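First the structure, in the form of structure tokens, and then the observations on it.
The values are calculated or read from the model by the stated rules, or taken from the named source; none is laboratory data. The model shown is predicted, which means the values in this text are computed figures rather than measured ones. Every residue, glycine as well, gets a Cβ built from its backbone with ideal geometry; the counts of neighbours run over all protein chains shown. With ligands, DNA and RNA removed, areas are computed over all heavy atoms of the protein, side chains included. Shrake-Rupley method; radii C 1.70, N 1.55, O 1.52, S 1.80 Å.
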Amino acid sequence: PSQPAFGAINNTAGQNNIAPNTYHTIVFGGEFFDQGNDFASNTFSTPVTGKYQFNVQIRLYQVDTAAAYYQVYLTTSNGSYEVGIISPKFNSDPEYITLAGSFLVNMDYLDTAYVRLYQANGSAQTDLQQSTSIFSGYLVA
């Protein structure tokens, strides 16, 4: 438990036609590695109290210009951190957009961390396709 680290990818299935105006937990069905076996069911659970570095990269496909905004969060037991927000006011629907962020977070024993997506308004057309989004983390101190 003194060196927990994980790297996960959404490689098991795409999340398609995401419904607007609701929070969606991003599915990370595959792992590059899971040192300590602390990542399961899209969620990392801390084996020890400490400072954890989390990294998130989410790629959205079929982005809807009718949406007011898209917002991605790293959600932990101690609060939420905005990975990114975009208001897609383009001339036409972009093929894809990537949002990414990194955070150093204070976590207690058995706290959890996972990633969520929110789309405000618009239609249910946006996809999270396979193998394009990554969630990783490790104990710093």
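Contact map, segment 70-84: first residue open to solvent by 30 Å² or more (accessible area, probe 1.4 Å), second residue small (Gly, Ala, Ser), Cβ cut-off under 9 Å, separation 6 or more or different chains; pairs are 73/80; 77/113; 81/101; 82/101. Looking across 117, 60, 99, 139, one residue alone is in contact with a Gly (Cβ under 7 Å, 6 or more places away or on another chain) and under 19 Å from residue 15 (Cα atoms). It is 99.
Among the residues of segment 1-20, those identified as touching an Asp or Glu at 6+ places or on another chain (Cβ under 6 Å) and either free of Cβ contacts under 8 Å to residues at least 12 places away in the same chain or assigned to a strand (DSSP E or B) (or both) are 6, 8. In segment 102-141, which residues are in contact (Cβ under 8 Å) with a residue 60 or more places away in the chain, within 18 Å of residue 53 (Cβ to Cβ), open to solvent by less than 70 Å² (accessible area, probe 1.4 Å) and aromatic (Phe, Trp, Tyr)? 114, 135, listed by residue number. Among the residues of segment 15-48, those identified as surrounded by fewer than 16 Cβ atoms within 10 Å (Cβ to Cβ) and closer than 20 Å to residue 95 by Cα are 16, 17, 19.
The number of residues in segment 5-14 that are among the small types (Gly, Ala, Ser) and either within 14 Å of the chain's Cα centre (by Cα) or open to solvent by 60 Å² or more (accessible area, probe 1.4 Å) (or both) comes to 3.
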